[in-house]
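To start, the structure itself, in structure tokens.
Rule-based calculations on the coordinates, nothing more; no lab input. What you see is a predicted model, and the numbers here were worked out from it, not measured in a lab. Backbone-built Cβ (ideal geometry, glycine too); neighbour counts: all protein chains shown.
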Amino acid sequence: MFTALQRFYGALSNLDKFASANNLIDNVVCLDDFFSSFRSTSFVLQCALAHTEYEPLYDKFRQKYLKENRVCKWMVETRNEVEKQHPFDLLKQVYVTIYTPVSAMILKSETFTVENDVEYQTLVESLKDELKKINTVEVHFSLDFRFRKADDNADLYNDICAAIIIMTNMLKDMYSTIGDCTELCDDLIIKIEELERKILKSEIIFVDDYVYYADKDIFEKGDRLIPELPCNNVDVRKMLESYGVKYPSYDSKEFMKFLAKLHLAIYQKQGRHLMPVIFVVYGNNICKTIPFDSSIRTTAYRKVNEIADKVISDDIKYVTMIHEAYNYKSFQYHMLPYYKRIEHSNGESIMVQQIGDGFVPRMMMFDTSKINDPKYVDDVLKNRFDVKCIVEKSAMYPIYLAIKEKRDRKATRKNS
């Protein structure tokens with residue numbers, strides 16, 4: 001098993017060099033090496049088990065995982081192509097999306113080949129003229145890199161990740177069944193798992209968040225943190241019960257209060273920054289938790305709009321968002337760039353916002369200087385639960401609009 005694991009680790013190491021900041025020629029080299037090493041993983045395993053008692057076992061797992069699988073078949077064909085005919089024919093598509101607190105818009109998209117590729121920084125700098133035309137003090141935008149084969153519209157990286165998961169499951173199944181466990185193999189499996197977690201985070205690899213400051217004519221690239229959660233799809237009832245909380249009904253309002261109390265406790269314990277987090281509850285009462293952090297607000301805008309996009313197709317019941325915010329005495333400070341605006345802040349708050357059951361927008365705001373006072377917290381939870389918040393000024397507005405559009409579509413179909 002060790003030789004097969006070693007070859008698979010080599011394939012992942014080659015793919016780990018693939019990056020949006022690379023030029024296409026370098027990325028093609030990474031792909032060619034990856035396809036070659038990936039395909040030979042099963043060859044090495046087959047040779048190692050040939051003429052042994054485990055040969056039938058290999059045939060069994062090969063049939064289970066690799067045979068008749070579209071992605072695996074495509075991987076084999078691609079490996080033969082890059083080794084015997086020509087390097088991988090790679091296309092790069094770049095989407096530039098502009099974000100405001102309440103909307104998202106694709107500014108432009110471009111497609112690059114090896115022949116017309118441009119350097120990453122050149123691509124970013126080329127956006128200045130178009131961003132200046134927007135005529136705001138700052139522009140939040142993201143670069144979304146997508147790759148595909150020239151003669152195929154399928155997302156290349158999605159197929160590669162699917163193949164990696166299949167091969168990982170097959171190797172783990174073989175390893176546990178054979179039982180030939182060694183310290184060397186165990187150590188290599190740990191290295192494979194670490195590398196795999198990194199590779200499968202396509203958002204970190206291929207999406208870059210920026211803000212453009214018009215007064216300085218400069219870009220700031222966001223630093224991001226996307227934590228991994230061991231269990232990210234949990235029944236709301238079980239989530240509450242795990243904290244010893246039992247409600248007679250699991251409506252969105254009570255869930256929002258629970259989340260507020262939980263995150264206030266986290267903030268009190270940390271005594272400082274609270275990571276933004278979004279909770280998406282589906283029609284079957286399964287809750288997906290989306291934590292993230294970033295040095296710029298573009299990431300938060302993008303996350304909200306990504307959820308808004310899913311509202312139309314997915315059975316999303318309600319959404320809750322928790323984040324920190326600066327307080328200002330006057331709205332006029334919002335006309336300043338963010339880096340200047342925060343100099344005029346007169347405090348900070350923890351915002352708990354929700355688009356709840358029945359299309360109801362809700363908001364609670366906790367002054368961080370008072371959250372150690374139980375009476376203040378209890379008063380906000382009981383008496384300052386704003387169900388008439390100005391949703392147009394809420395970070396949740398894109399989600400609100402998406403839910404409204406979905407409701408309107410249903411009403412139109414019902415009446416037609």
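A few notes on this one:
- The range 11-64 - convex hull of alpha carbons, volume per residue in Å³: 76 Å³
- Residue 295-residue 69 FRET efficiency (beta carbon distance; Förster radius 51 Å; 0.05 resolution): 0.80
- Degrees separating the helix 252-270 axis from the principal Cα axis of the chain, which is the longest one: 80 degrees
- Folded to 0 to 90 degrees: helix 156-178 orientation relative to the chain principal axis, Cα: 60 degrees
- Coil-residue chymotrypsin sites (Phe, Trp or Tyr not before Pro) of the range 270-361, DSSP, other Cβ within 10 Å capped at 11: none
- Over the C-alpha trace of the range 51-107, radius of gyration and Dmax come out as 21.3, 64 angstrom.
- Here the range 211-231 is scanned for amide nitrogen atoms under 20 Å from the site 7 Å beyond the Cα of residue 128 along Cα-to-Cβ, giving 211-222.
- Per residue, the Cα convex hull of the chain amounts to 204 Å³.
- Fraction in percent of alpha-carbon pairs per bin - 5 Å, the range 241-303: 3, 13, 21, 24, 20, 12, 6, 1, 0
- Taking only the alpha carbons of the range 156-278, we obtain Rg and Dmax values of 21.4, 65 Å in that order.
- Remark: spin-label model distance residue 50-residue 379 equals 8.0 nm, labels positioned 7 Å along the Cα→Cβ axis.
- Distance between modelled label sites at residue 314 and residue 272, nm, 7 Å Cα→Cβ extension: 3.2 nm
- Applying the Kirkwood pairwise sum to the alpha-carbon positions of the range 35-174 produces a hydrodynamic radius of 18.5 angstrom.
- Stretchable slack from residue 29 to residue 243, in nm (0.36 nm times residue separation minus alpha-carbon distance): 72.0 nm
- Relative contact order (%) - criterion: Cα under 8 Å, at least six apart; region: the chain: 14 percent
- For 189, 342, 164, order by how many other beta-carbon atoms lie within 10 Å, fewest first: 342, 189, 164
- Overall, the ratio between the Cα radius of gyration of the range 224-415 and 2.2 N^0.38 Å, rounded to two decimals, is 1.05.
- Its alpha carbons give the range 190-250 an Rg and a Dmax of 19.6, 55 Å.
- Put simply, the convex hull of the Cα atoms in the range 206-333 casts, on average, a shadow of 10.9 nm².
- Residue order, fewest to most surrounding Cβ atoms within 10 angstrom, among 299, 177: 177, 299
- Low-density loop positions, trypsin sites (Lys or Arg not before Pro), the range 259-354 - DSSP coil, at most 10 other Cβ in 10 Å: 272, 329
- For the range 146-161, the residues whose amide N sits under 15 Å from a probe point set 7 Å from the Cα of residue 111 along the beta carbon direction are 146-156.
- Label sites at residue 162 and residue 223, each approximated as a point 7 angstrom past Cα along Cα to Cβ, lie 3.7 nm apart.
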